[in-house]
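As C-alpha cells, the structure follows; a few thoughts come after it.
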Amino acid sequence: MQPNVKELITRERFIDLFEKNRRFLAAHDTTALAGIREKAFDSFSNLGFPDTSMETWRLTDLEESFNRGYDYHLRPMEEVDFQKVFRCNIPHLDTAVIGQLNGWYVSKDVPLMELGNGIIMGSLAEARKKYPQLIEKYYGTMADDTADGFTALNTAFSQDGVFIYVPDNVKSPKPVQLINVIHHEENLFLQPRNLIVVGANAKLSLVHCDDSYNHQASFSNIVTEIHVGENGVMDHYKLQNLNNNSTLISSVFFRMEASASLDSHYISLNGGLLRNNIRVLFNGPHGNANIYGIYLMDRKQHVDNQVFIDHAHPGCTSNETFKGILDENSRAIFNGHVMVRRDATKTDARQSNKNILLTDTARVNSKPFLEIYNDDVKCSHGSTTGQLDQESMFYLRQRGIGEETARMLLMFAFADEIVTKIAIPQLRQRIEDMVKKRLQGELQICEQCVLHCSTPEHPMDFQIDMAKI
Amino acid sequence: MLLQIKNLHAGINGKEILRGVNLEVNAGEVHAIMGPNGTGKSTLASVIAGREVFDVTAGEILYNGKDLQKLSIEDRAREGIFLGFQYPVEIPGVSITNFMRTAVNEVRKFKGLDPLPGGDFLRLMEEKKRLVEITSNLTNRSVNEGFSGGEKKKNEIFQMAMLEPLLAILDETDSGLDIDALRIVANGVNKLRRPDNAFVVITHYQRLLDYIIPDFVHVLFEGKIVKSGGKELALELEEKGYDWIKKEQA
Ligand SMILES: Nc1ncnc2c1ncn2[C@@H]1O[C@H](COP(=O)(O)OP(=O)(O)OP(=O)(O)O)[C@@H](O)[C@H]1O
Ligand SMILES: [Mg+2]
C-alpha cells in the first residue's frame, strides 16, 4: 500500500505542522524555552533532514525509512495501564522503573516523583511546569540544534520525555530504568526528549531501553541531554531491541564537568536501522569517559555509531571500544571522532573497533579519526575486521565441541569483552542471556531488558549449556 | 588395530606435504615420530584430526577399522582422537572451565550419557589438575591466554586427562618444558596409559623417551616414514643426527 503523502517524512510536512501548532507546542514554555524552540525550528527549516550527500550520513541512507509513512501525534494517544504495558512485577523490582510508551511518559502513580533525598524523576512536560528554573538551567544547553536536522526537529517539537534530577552530593541508591516501548497499530513517528542532570559529587546509574512489542514500523528521533556535574559519576546503559521495521535515531549529548566520570554502554541487539549519535563534551579538566558498544546484526539490519569526543580541557581520558558481529546482509558503520583542542594537554584518548563478519555479504565501514591540536597527548586508534578465527575453531572442535557450539562460544567470547563491563550484576547476567539468545537466533523482540525477568521464580533456560562461558 | 594409515598423501594449496605415509598403531602401544623440521610431522597429526585446510589426495586412514575421512573434526574427537597441539591456540574470553565442561558434555552426549553434574565436573577438574601438578588457578583464566610456553603444554595434557582419549597424538609436547615440567608431563602420560589406548608422541628429543618409553620409533622424512625401529633408534638419531638418513634416501 502506498503511504499517504501527508505521512511521509519530509521537511515540508514538519514545517507546516509546526506553523499550525506553534502555540499549542509552546503553551507551557517559559520565554527562554520558547526562544530555544523557535531557534531550533529556524535551524530545522534551514537544515531539513540529512541525506547521503553529507559526510556523516554518507553510508546511512534513510530514504526507505522516510518513505514508509508514519502517523505523528502531538498528544498522548490513549490512557495506558502501566502494569500491562511494562509486564513487570513491580514490587519485586530492584530498580526504579520509569516508562515511556510511544514517546510519552507513562505515569505509574504521579507524573513526577520527588524522593526524600531530593531526587526528582518523571515527566519532562510536568517538570517544565513545576520546575521551570531548574529546567531552564539545563534544557537545550547540551544538544546542538545547529549541526543536525534531527536534533533541531526534536527540540522544535519537544513536549514530553523523561526528566531525572539527582542533586549535588546525592548518590541514587538504585539504578533507574527507563523503558521506552513502542506499541501501536499504525506506523508511528515519535520524538521523546529526555533531560538527565547528575549534580556535583552525585551518582546515577541509568538503564535506558528501547523496545518494541510488535512488528509495526516506527521511526524514533530521540534526543537525550545528560549533564554530569563536577566529580559526578554516571553509569549509562543504552539497550536496543527493536523490530526490523524500526528506525531509531538516538542522539545523546553528555556534558562532563571537571573530574566527572562516565561509563556508557551501547548494546544493540536488534533493530532495522539504528543510528547512535554519541557526543561527549569535557567541559572541565580531568574528566573520564568510557564508551563501550556491542552490536549483533543480521538480515538487512543497519547500525551506525557516530561518536564524537570533544577534549576541550586538559587531563581528560576517553576510551571507545566498539565490537560487532555481522551476519547475512547486515551492515555496520563506526565513526569515532576525537577532537583534542589546543589547551587540552595531557589528553589520553583511545579508540578501537573490532568486527566479525560471518558472511561475504555483511559489510563494515570503520573510521576512527583523531583531530589533534596539541602535542602533549596520548592517542591511539585501531580497527580490525575479520572472520571467526579458524585456528580457534579447529582447536575447539578437536576437543569434541560441535561446529555450531564452537562458533557460538567464539562469538560470545568476542562480545563478552563488552558485556563484562556492565557494572550491575543482574543486568550483566540478563544481557549475557540476551546476547546468547541473540547469537542463537532466539531473541524475541518483545523481550525486555528489564532486570527482574530472570528471577529464581522465572529462570531463563537455554538448549546449549553455555552458562558463564 | 586402532589406527591404520595406508599410503597417505596430503597437502595444501596444491603443495604435497605427505607423500605416502604408512603407519599402524595398536591399542596399548606408544609410538614416537621423529624427523627434521618441516618434514610433515605436524601435518600428519592435523590430517588425522581432520583439519580441513589440508587436502588428502590419496590413501586412507582407518580408525578402529572405520574410514576417518568421513568424520567431522568433532566426531573424530568424540570417537577418542586427541591432538596435543605443538602451538596451542589462545582463545580470549573462553574460560578453561567452561571450555572443558562444554567439551566433556558434548563427548558424553555423543556417547548417550547425561551431562556431568556441576559438582562431579569440578571434582574431576581437581583430580586431573593434580595429575599434571597444576597448582595455580589456571582454570579460571581464558584458554591459553597469556600462558607461558610450558603452561600451555601442561594445559594440553590436562585436557587430555579430562577427555581420556583412545588415541592421543602429542605434537612436541616436550618442547619448551623445563626438566621438572617434562617429568610431570611424562608422568601424566604414563598414568593415563591403559591397555585400550595408544599414544603417538612427536618429538625432537630422545630425552622425553627416557620418561615415556616408546614401543616403536619412526623417522618421518620428506613426507614419508623412512625408518622404523625400537627405542634404540632414538638413541642412534640423538648421536648421529639425520644426515645418515638423508644420505640413505639420496
Ligand atoms: N598451513 C600451511 N600452509 C602452507 N604450508 C604449510 C602449512 N602447514 C605446513 N606447511 C608446510 O608443510 C611442511 C611441513 O610442515 P609441518 O608443520 O608438518 O612440519 P613438522 O615436521 O611438524 O616441522 P617441525 O619439526 O618444525 O614442527 C613445511 O614445509 C611447512 O611450511
Ligand atoms: Mg611440527
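Data overview
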| read-out | value |
| --- | --- |
| Selection count, segment A:289-318, where residues are part of a strand (DSSP E or B) and either among the small types (Gly, Ala, Ser) or in the same structural domain as A:Asn221 (by TED's automatic domain parsing) (or both) | 3 |
| Members of segment B:133-175 found to be free of Cβ contacts under 8 Å to residues at least 40 places away in the same chain and surrounded by fewer than 15 Cβ atoms within 10 Å (Cβ to Cβ), listed by number | B:Thr135, B:Ser136, B:Asn137, B:Ser148, B:Gly149 |
| Single residue of segment B:176-186 satisfying the filter (among the small types (Gly, Ala, Ser) and either within 16 Å of ligand 2 (Cβ to nearest atom) or buried (at least 22 other Cβ atoms within 10 Å of the Cβ) (or both)) that is farthest from B:Arg101 (Cα to Cα) | B:Gly176 |
| Segment B:1-59, subset under 18 Å from the mean Cα position of the chain (by Cα) and of a type in the set (Asp, Glu), residue nearest to ligand 2 (Cβ to nearest atom) | B:Glu52 |
| Residue check, B:Arg101 among the charged types (D, E, K, R) and over 26 Å from B:Leu2 (Cβ atoms) | yes |
| Yes/no for B:Leu83 being under 19 Å from B:Lys6 (Cβ atoms), buried (at least 20 other Cβ atoms within 10 Å of the Cβ) and within 14 Å of another protein chain (Cβ to nearest Cβ) | no |
| Candidates A:Thr224, A:Thr247 - the one that is in the same structural domain as A:Glu64 (by TED's automatic domain parsing), farther than 22 Å from A:Ser123 by Cβ and crowded, with 23+ Cβ neighbours inside 10 Å | A:Thr247 |
| Verdict on B:Ala198 being more than 16 Å from ligand 2 (Cβ to nearest atom) and closer than 15 Å to B:Gly28 by Cβ | yes |
| Checking A:Ile356 against (1) of a type in the set (A, V, I, L, M, F, W, C); (2) away from every other protein chain (no Cβ under 14 Å); (3) closer than 19 Å to A:Asp304 by Cα, the condition it does not meet | (2) |
| Test: A:Tyr139 is out of contact with any Lys or Arg (no Cβ under 9 Å at 6 or more places or on another chain) and modelled with pLDDT of 95 or more | no |
| Criterion violated by B:Gln69 - all others in (1) free of Cβ contacts under 8 Å to residues at least 60 places away in the same chain; (2) in a loop (DSSP other than H, G, I, E, B); (3) away from ligand 2 (no atom under 13 Å from the Cβ) satisfied | (2) |
| Residue match in segment B:86-96 (condition: of a type in the set (Ser, Thr, Tyr), over 24 Å from B:Gly230 (Cβ atoms), away from ligand 1 (no atom under 13 Å from the Cβ) and at pLDDT below 95) | yes |
| Pairs, first at positive phi in segment A:137-148, second of a type outside the set (Lys, Arg), C-beta under 7 Å, six or more apart | A:Gly140/A:Ile36; A:Gly140/A:Thr155 |
| Segment B:108-151, residues that are over 20 Å from A:Ala413 (Cβ atoms), away from chain A (no Cβ under 13 Å) and outside any helix (DSSP H, G or I) | B:Gly112, B:Val132, B:Glu133, B:Ile134, B:Thr135, B:Ser136, B:Ser148 |
| Checklist (1) in contact (Cβ under 8 Å) with a residue 12 or more places away in the chain; (2) touching a helix residue (DSSP H, G or I) at 6+ places or on another chain (Cβ under 7 Å); (3) polar (S, T, N, Q) applied to A:Gln387, failing item | (2) |
| Qualifying residues in segment A:382-409 (those that are surrounded by fewer than 17 Cβ atoms within 10 Å (Cβ to Cβ) and under 19 Å from B:Val104 (Cβ atoms)) - the one farthest from the other protein chains (Cβ to nearest Cβ) | A:Glu404 |
| Checklist (1) at pLDDT 95 or above; (2) more than 22 Å from the chain's Cα centre (by Cα) applied to A:Pro50, failing item | (2) |
| Meets criteria (within 14 Å of chain A (Cβ to nearest Cβ), more than 25 Å from B:Tyr211 (Cα to Cα) and touching a residue at least 12 places away in the same chain (Cβ under 8 Å)) for B:Val56 | no |
| Members of segment B:72-91 that are over 22 Å from A:Ala413 (Cβ atoms) and either within 16 Å of ligand 2 (Cβ to nearest atom) or in contact with a strand residue (DSSP E or B) (Cβ under 9 Å, 6 or more places away or on another chain) (or both) | B:Arg76, B:Glu79, B:Gly80, B:Ile81, B:Phe82, B:Gly84, B:Gln86 |
| Pair list, Cβ < 6 Å and 6+ apart or interchain, from segment B:31-53 residues that are within 14 Å of chain A (Cβ to nearest Cβ) to residues that are assigned to a helix (DSSP H, G or I) and more than 6 Å from ligand 1 (Cβ to nearest atom) | B:Ala49/A:Gln398; B:Gly50/B:Ile73; B:Gly50/B:Arg76; B:Arg51/A:Phe394 |
| Filter result (closer than 30 Å to B:Lys191 by Cα and either within 14 Å of another protein chain (Cβ to nearest Cβ) or more than 15 Å from ligand 1 (Cβ to nearest atom) (or both)) within segment B:11-30 | B:Asn22, B:Glu24, B:Val25, B:Asn26, B:Ala27, B:Gly28, B:Glu29, B:Val30 |
| Matching residues, segment A:251-300, being out of contact with any strand residue (DSSP E or B) (no Cβ under 6 Å at 6 or more places or on another chain) and among the hydroxyl-bearing types (Ser, Thr, Tyr) | A:Ser259 |
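Yes/no per residue for (1) touching a Pro at 6+ places or on another chain (Cβ under 8 Å); (2) at pLDDT below 95; (3) acidic (Asp, Glu):
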| residue | (1), (2), (3) |
| --- | --- |
| B:Ala181 | no, yes, no |
| B:Ala198 | no, no, no |
| B:Val201 | yes, no, no |
| B:His204 | no, yes, no |
| B:Arg207 | no, yes, no |
| B:Asp215 | no, no, yes |
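The values are calculated or read from the model by the stated rules, or taken from the named source; none is laboratory data. The structure presented is a predicted model; accordingly, all values stated were derived computationally and were not measured. Using ideal geometry, Cβ is built from the backbone for each residue, glycine included, and neighbour counts are taken over all protein chains shown.
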